[in-house]
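The values are calculated or read from the model by the stated rules, or taken from the named source; none is laboratory data. A quick note: this is a predicted structure, and the numbers were derived from the prediction, not measured. Backbone-built Cβ (ideal geometry, glycine too); neighbour counts: all protein chains shown. Side chains are part of the model used for accessible areas, which takes the heavy atoms of the whole protein and leaves out ligands, DNA and RNA. Shrake-Rupley method; radii C 1.70, N 1.55, O 1.52, S 1.80 Å.
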Amino acid sequence: MTLSLPIDAEANKLLSTDPLALLIGMVLDQQIPLEKAFSSPWVLAQRLGHAPTAVELAEFEPEALVAIFATPPALHRFPKAMAARVQEVCRALVEEYDGEAVGLWSGAADGKELLKRVAALPGFGKQKSQIFVALLGKQYGVQPEGWREAAGGYGEAGSFKSVADIVDGESLGKVRAYKKEMKAAAKA
């Protein structure tokens, strides 16, 4: 699968070929624009001189990782908290999936199990988990039986509700409009 988010082509290439990069992008996708969140794995790889492994990040000296995240431009508006969160997720991958991000979804019997696995990650609540299941299904080709149902409204074909639905500028605009609508409805 080749992702086509509205970010640098090299960042899209990394997300498309490195499951850990995709997962890190999803971890970072909160309280910052999605372009920043999903570009940051590529920036992290550039700063390290290579695409990191889950084992490497799990074992990284915490303060050194924070320094890498905080170096301007910071990888996230909360570099300390998000460096720690990425490290926690990588530790979970090491403990549960032999350090392989693809292990998170490979072999999932169905969408329900996939959602359960994703939701077990640090920082992945129901909504983030459903969005990641939708992203895996719609753009990464990970489609165990029942994945759309497990992803809830984010799994619907033809919807424009999350990063899972973004393939170009037009779809990005539709997702942004949906999010704006939801925020307005929540305030009312």
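Take the residues of segment 139-169 that are among the acidic types (Asp, Glu) and within 20 Å of ILE32 (Cα to Cα): which is least open to solvent (accessible area, probe 1.4 Å)?
Taking the candidates together, the pick is ASP165.
Restricting attention to helices (runs of 4 or more DSSP H) lying wholly within segment 1-83, give those where 1 or more residues are at pLDDT below 95.
Those helices (runs of 4 or more DSSP H) span 9-17, 34-48.
Report, by residue number, each residue of segment 115-135 that is closer than 24 Å to LYS180 by Cα, in a helix (DSSP H, G or I) and open to solvent by less than 40 Å² (accessible area, probe 1.4 Å).
Passing the criteria: LYS128, SER129, GLN130, ILE131, PHE132, VAL133, ALA134, LEU135.
Inspect all residues belonging to segment 104-114 and state whether any of them is in a helix (DSSP H, G or I) and touching a Lys or Arg at 6+ places or on another chain (Cβ under 8 Å).
Scanning segment 104-114, I find at least one residue that is in a helix (DSSP H, G or I) and touching a Lys or Arg at 6+ places or on another chain (Cβ under 8 Å), so the answer is yes.
Could you list, in sequence order, all residues of segment 143-188 that are hydrophobic (A, V, I, L, M, F, W, C), part of a loop (DSSP other than H, G, I, E, B) and within 29 Å of ALA109 (Cβ to Cβ)?
Across segment 143-188, the qualifying residues are ALA151, ALA157, ILE166, VAL167.
Name the pairs whose Cβ atoms lie under 7 Å apart, with the first residue in segment 129-141 and touching a residue at least 60 places away in the same chain (Cβ under 8 Å), the second among the hydroxyl-bearing types (Ser, Thr, Tyr) and in a helix (DSSP H, G or I), and 6 or more positions between them or separate chains?
ILE131/TYR154
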